[in-house]
């Protein structure tokens, strides 16, 4: 079974085998650790074997627990193989240096380099994820006293794991009227670490009142306890600064019936009378939606949606004859494609 | 799509190849894979010195699910290739697809340029082209072959390959059957991947629920909160599940009930191959002990057990002696218990044994996180505060799930969510989900090579390879770098003996496969350690193997979960003469 070439290469390494264990002792950063107080069952800490604690070390024959599983037809073959037998020091690998990484491809011996390189590039290109999706988290009918309306929120994206172009959309309003809010955003989403993404882009507000364009910088991601969080700082073309923060999570009642509570606040750092917003907390939205996931791509839901203007922004609203708060019953669908 | 052109057929016959499969009413199965198979004395086996395979578009349907497929000679699984040790074989592979294809001979020791990995061993097989593989057959045992291009392996391009020993059969039996286990989804693998990118747990419909909490199932609240704090899901066993997969034996689902025949008292050899794209299987035959006689094609000292977890790309030969019952259910259960498939061993066709109810979905534990504190003094009541050292003796050992000091070579980018803080060797562990079953379960530590290991040298050096991932973003890599991100090859000197320590920094088992070589798992005393081409590294744990780098050339080295490999959990391994005749 061995390839025919090999006979000659069983050579010098035997010289190396005695040294490495000692060398390890000298360099092991954990050498001073108190192994005695850690009873790691089945692991052998005697002699020169630090395998259990040395993350990079070898671990011959460690951790035999749970192996009482299988009867062996030839028990003699297993003699000496159990948790109690210390792994032989002679089985500890040496510390020879690795060879250099070759600059060529072995297949160049059979095919032109350019052909192989093209083939490798094609293979690698296919492994780079590029995708797109439209994800509509909310598309809903909102019923409240007298003035039924709608709400929607979602995004379309294109890109890979690290960088994506995202087109966001969100709006709400009463039927037959100009949308109360209509926000369109275009952002570059860049993965910062395993959990959080940077957002950089523009948001255009097209709802009731004068339009505004904002430069947007934000962070979105998944916080501990599976909380989906996001926070954005917005600078308008009129020099106004606003911010938004939100948090949501998915509570699985069953694997298909999922309750998603969500909270969001908006705030302004100055009065913006043109759009009836006053400095300070502008608005809070609380909602809970109970969806039934036919699949991750389609889930109808029902829910409640409550929003209330706050502080001076609420006073401005009342002065214009509007209520500061609204409660709606919502029914809609969450989908993606 | 099912038409078979007479032209193709003539071509096959012109090549002197026996072709009985796939034509006429027998449908898409070669005879050995057809239900009611009497065993491997069927005429449609491809053997001899010249073999022709044609890869083409097709359709496949099972259990009401139907979709596009890519097949070899119009069958799923692909035809059985049966060779003899010592022969030289020429296999002409013709590509009738609109895209490139390739075939990799899994587990075979071939010259690297015949190994079939586009971009590594050869340029691939373009549409309309025929590529002729030619290699000496220098080994025996149960192997398989599959595409190494794109996602073709997931849509049908896989088949068994058996090599008979030069000196007559080892473990001679009165009868033998081949069982090719696979997973089949009507959803194209590219779409599967996109959905996993939308939501890492997209296909998991067995998560913990509030209803379960109230009913006292699964983790208690305290544990749920601890895991939620770490953003880790103990039900994250398999990426793609029975939600979309049908599980198959020789292309047959449970209802289609593939049946292999036996006569009472016969010794029956079962050559079992897990040719799945994304499914590790728990394999058992209730009422019938399994005697393991070979693993990954090579003979092992016979060991009797009741259940074996067969990871993707592994093969096992079992000997069973059915007799007492008229029929036995052969059960391959997805390890996340989202589905299973039942085939049958029966005295005559039509007999069935009961299908066992699928067992409870397992939950991952701290050991699967690389944080096994068994027996360790963790302070009060085993409570674990992950933000600080567990106690004084642990100082210097952060229990952080992402402490860079445990994996200095791993850049901690968005694709690395966790590093196992204290990974332990798990070769002797029962595999995921079988920890507590009340019968015998094979572990790697139970395997001893029947033949002495060919290279007794102690490795002159060792390397660590971290298996890294971010399940939420669905990113997979080795040492924190995906192959497509410009990862350097892993270099070996020709003939060098090296210990490779695989460290699983994820909470999923990964079947890691090295092309063109066998390696010895570092378990038990040296001398008769099990030799394998694929090792399943359990979650949060370590597995070490000793490799004699005796295959000159460039080779692929990767996780055999197709989506993991495709996402970058792969490296090129170079084996070159010292001093570089290159």
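What the table shows:
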| item | result |
| --- | --- |
| Cα gyration tensor, the range A:184-337 - rounded (a/c under 1.5), prolate or oblate | oblate |
| Order by protection proxy (mean Cβ within 10 Å, highest first), peptides B:322-332, B:404-414, B:126-136 | B:322-332, B:404-414, B:126-136 |
| Averaged over B:491-497, number of beta-carbon atoms from partner chains that fall within 10 Å | 5 |
| Nitroxide proxy distance, nm - points 7 Å out along Cα→Cβ at residue B:263 and residue B:357 | 4.0 nm |
| Centroid-to-centroid separation of the range A:278-337 and the range B:514-579 [C-alpha atoms, Å] | 54 Å |
| Square roots of 5 times each gyration tensor eigenvalue, C-alpha, the range A:216-294, largest first, Å | 32, 13, 9 |
| The range B:444-576: projected area of the alpha-carbon convex hull, averaged over directions, in nm² | 7.6 nm² |
| Average Cα contact separation per residue, the range A:132-336, under 8 Å, 6 or more apart, as relative contact order % | 15 percent |
| Net length gained if the chain between residue B:409 and residue B:438 were fully extended (0.36 nm per residue, minus Cα distance) | 6.4 nm |
| For residues of B:435-448, the mean tally of beta carbons on other chains within 10 Å | 3 |
| Estimated inter-spin distance, residue A:158 and residue B:488, nm [label 7 Å along Cα→Cβ] | 3.7 nm |
| Globularity index of the range A:89-167, i.e. its alpha-carbon radius of gyration over 2.2 N^0.38 Å | 2.34 |
| Peptides ranked, highest mean first, by Cβ atoms within 10 Å: ranges A:174-184, B:333-343, B:299-309, B:552-562 | B:552-562, B:333-343, B:299-309, A:174-184 |
| Three semi-axes of the equivalent ellipsoid, chain B, Cα gyration tensor, whole Å, largest first | 37, 28, 24 |
| Number of partner chain Cβ atoms within 10 Å, mean per residue of B:288-295 | 1 |
| Residue order, fewest to most surrounding Cβ atoms within 10 angstrom, among B:137, B:575 | B:137, B:575 |
| Segment residue B:49-residue B:166, extension gain: residue separation times 0.36 nm, minus the distance between their alpha carbons | 40.6 nm |
| Proxy reagent accessibility, fewest Cβ within 10 Å first, across B:563, B:466 | B:563, B:466 |
| Two-site FRET efficiency, residue A:319 against residue B:188, from Cβ-Cβ distance with R₀ of 56 Å, rounded to 0.05 | 0.45 |
| Degrees between helix B:189-198 axis and first principal axis of chain B (Cα, 0 to 90, nearest 10) | 10 degrees |
| Peptide ranges B:505-512, A:308-315, A:244-251, B:181-188 listed from the most packed, as the mean C-beta count within 10 angstrom indicates | B:505-512, B:181-188, A:308-315, A:244-251 |
| Two-decimal log10 I(q)/I(0) for the range B:505-582, as the Debye equation yields it once each C-alpha is a single scatterer, q = 0.18 Å⁻¹ | -0.81 |
| Dimensionless Rg over Rh [the range A:138-243; C-alpha; Kirkwood] | 1.02 |
| Efficiency of FRET between residue A:304 and residue B:88 - r from beta-carbon atoms, R0 51 angstrom, step 0.05 | 0.10 |
| Residue order, fewest to most surrounding Cβ atoms within 10 angstrom, among A:147, A:283 | A:147, A:283 |
| Value of relative contact order over chain B, rounded to a whole percent, pairs C-alpha under 8 Å and six or more apart | 12 percent |
| The range A:248-337, relative contact order in percent, only Cα pairs under 8 angstrom and at least six apart counted | 25 percent |
| Antiparallel bridges, percent of DSSP beta bridges restricted to chain B (to nearest 5) | 70 percent |
| Solvent-free Debye scattering, log10 I(q)/I(0), computed from the Cα coordinates of the range B:246-382 at q = 0.09, 0.22 Å⁻¹ | -0.33, -1.40 |
| Rounded to 5, the percent of DSSP beta bridges in the range B:444-576 classed as antiparallel | 75 percent |
| For the range B:247-315, projected area of the alpha-carbon convex hull averaged over all directions, nm² | 5.2 nm² |
| Pairwise centroid distance, computed over Cα atoms, of the range B:112-126 with the range B:167-202, Å | 22 Å |
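Bear in mind that the values in this text are calculations on the coordinates, not laboratory data. Since the structure is predicted, the reported quantities are computational estimates derived from the model, not experimental observations. Every residue, glycine as well, gets a Cβ built from its backbone with ideal geometry; the counts of neighbours run over all protein chains shown.
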